[in-house]
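Below is one structure, written out as structure tokens; comments come after it.
The values are calculated or read from the model by the stated rules, or taken from the named source; none is laboratory data. This is a predicted model, so every value here is computed, not measured. Methodologically, a virtual Cβ is constructed for each residue, glycine included, from the backbone with ideal geometry; neighbour enumeration extends over all protein chains shown. These area figures cover heavy atoms from the full protein model, side chains too; ligands, DNA and RNA do not enter into them. Shrake-Rupley method; radii C 1.70, N 1.55, O 1.52, S 1.80 Å.
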Amino acid sequence: MSEAIPQDARIFVAGHRGLVGSAIERRLRALGFANVLTATREQLDLRDQAAVNYWFRANRPELVYLVAGTVGGIMANATRPAEFLYDNMMIHATVVHASHLFGVDKLLYLGSSCIYPREAAQPIREDALLTGPLEPTNEPYALAKIAGIRLCESYRRQYGCNFISAMPTNLYGPHDNFDLTSSHVLPALIRKFHDARVSGAAVVEVWGSGTPRREFLHVDDLADACVFLMERYDGDTHVNVGTGEDLSIGELAVMVRDLVHPAAEVVFDPSKPDGTPRKLLDVSRLHELGWHHSIDLADGIASTYDWFVRNAARQKSITVPA
Ligand code: GFB
């Protein structure tokens with residue numbers, strides 16, 4: 001499938017209400033695809049194989065973006081390991097299996113950079129997978145994601161399915177989760193500095209030591225990369241998706257502080273976990289395929305903050321400054 005995808009192709013975005021799925025749906029619609037199929041959690045429990053089979057039989061998708069899952073930041077991963085393992089293993093298995101049963105032409109499965117060993121050499125190449133122990137704070141999630149990669153490879157090997165996998169770095173953007181107990185670091189920092197600005201607080205607490213390093217990719221760039229890979233990549237190995245650049249959590253906190261509430265002081269809380277010391281992806285395979293990110297981190301944070309103020313701040317627990 002390296003030729004252009006017909007505009008009337010039946011394309012299922014599994015997980016369209018999430019950060020990634022909503023970005024892929026936006027991108028597909030902007031590109032003029034007329035048959036983007038979605039199903040809400042209430043309409044279809046993706047953990048239920050019989051229900052997923054029924055939905056595939058009725059809707060006959062030709063292409064599938066498998067980006068659904070139970071996700072969250074370091075604390076959600078550490079405190080809800082059963083959900084992260086069960087939900088994700090089940091969702092990946094049912095959708096991959098139904099895609100095989102109902103003759104889907106191509107499926108793109110989305111993993112995560114946490115699949116790689118905690119001590120992997122940096123930047124992390126695709127072949128570092130399963131070469132060492134995982135980071136304990138997100139091992140259940142990582143195991144489910146690794147099983148998903150191997151599932152796609154196995155259906156390719158045994159049944160000849162064109163199922164590919166992409167491994168994104170840490171993501172952020174509109175429609176992210178800004179809840180402080182379950183979010184990732186970037187939406188959490190936006191929310192914390194915003195709340196401090198509104199309440200006039202002088203100090204903002206940042207979890208951990210501030211020294212871990214992370215790479216951040218805007219979700220609109222990820223959506224563009226996913227559509228690019230769906231159109232152009234048919235390989236059997238997973239492909240890293242990132243910017244190839246990282247920064248420390250302390251530096252990130254200062255960037256968000258300077259944008260949202262410059263008067264605030266950043267204070268670290270070492271009682272909270274740091275997680276992986278560093279996870280910078282080697283994106284040379286993606287670059288060789290011809291894709292590069294285009295949204296600069298500072299611009300991406302500014303537009304995400306803008307979206308947060310216009311949208312998420314409608315939630316009653318978040319106040320918009322006058
Ligand atoms: O984004 P995050 O939750 O997940 O945390 P991971 C990244 C770093 O930011 C950690 C620090 O060192 C956190 O301690 N941090 C500082 C904060 N302040 C905060 C805060 O207020 N909230 C949060 N959440 N973090 C996740 C995995 O790991 O990355 C998932 O748990 C997934 O499985 C995801 O892979 C991409 O980058 O550590």
- In this structure, is G32 assigned to a loop (DSSP other than H, G, I, E, B), touching a residue at least 24 places away in the same chain (Cβ under 8 Å), under 17 Å from A144 (Cβ atoms) and open to solvent by 10 Å² or more (accessible area, probe 1.4 Å)? no
- Item | Close pairs (6 angstrom Cβ cut-off, 6 or more residues apart or separate chains): modelled with pLDDT of 95 or more and in a loop (DSSP other than H, G, I, E, B) in region 158-186, more than 10 Å from the ligand (Cβ to nearest atom) and of a type in the set (V, I, T) anywhere | G173/V219; G173/T304
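Rundown of residues vs (1) within 18 Å of R156 (Cα to Cα); (2) surrounded by fewer than 16 Cβ atoms within 10 Å (Cβ to Cβ); (3) within 16 Å of the ligand (Cβ to nearest atom), yes/no style:
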site	(1), (2), (3)
R60	no, yes, no
A82	no, yes, yes
D87	no, no, yes
K106	yes, no, no
I124	no, no, yes
A128	no, no, yes
- Any hit, region 198-207, residues being away from the ligand (no atom under 14 Å from the Cβ) and assigned to a helix (DSSP H, G or I): yes
- Identify the residue in region 62-80 that is open to solvent by 60 Å² or more (accessible area, probe 1.4 Å) and over 15 Å from the mean Cα position of the chain (by Cα) and, among all such residues, is farthest from the ligand (Cβ to nearest atom). E62
- Message: I'd like to check something: does region 281-292 contain any residue that is away from the ligand (no atom under 16 Å from the Cβ), open to solvent by less than 10 Å² (accessible area, probe 1.4 Å) and out of contact with any Phe, Trp or Tyr (no Cβ under 6 Å at 6 or more places or on another chain)?
- Response: yes
- Item | Filter result for E135 (open to solvent by less than 30 Å² (accessible area, probe 1.4 Å) and out of contact with any Leu (no Cβ under 9 Å at 6 or more places or on another chain)) | yes
- Item | Some residue of region 16-26 being out of contact with any helix residue (DSSP H, G or I) (no Cβ under 6 Å at 6 or more places or on another chain) and in a loop (DSSP other than H, G, I, E, B) | yes
- Message: Here's a check for you: in region 166-184, which residue that is within 19 Å of A302 (Cβ to Cβ) and in contact with a strand residue (DSSP E or B) (Cβ under 7 Å, 6 or more places away or on another chain) is farthest from the ligand (Cβ to nearest atom)?
- Response: G173
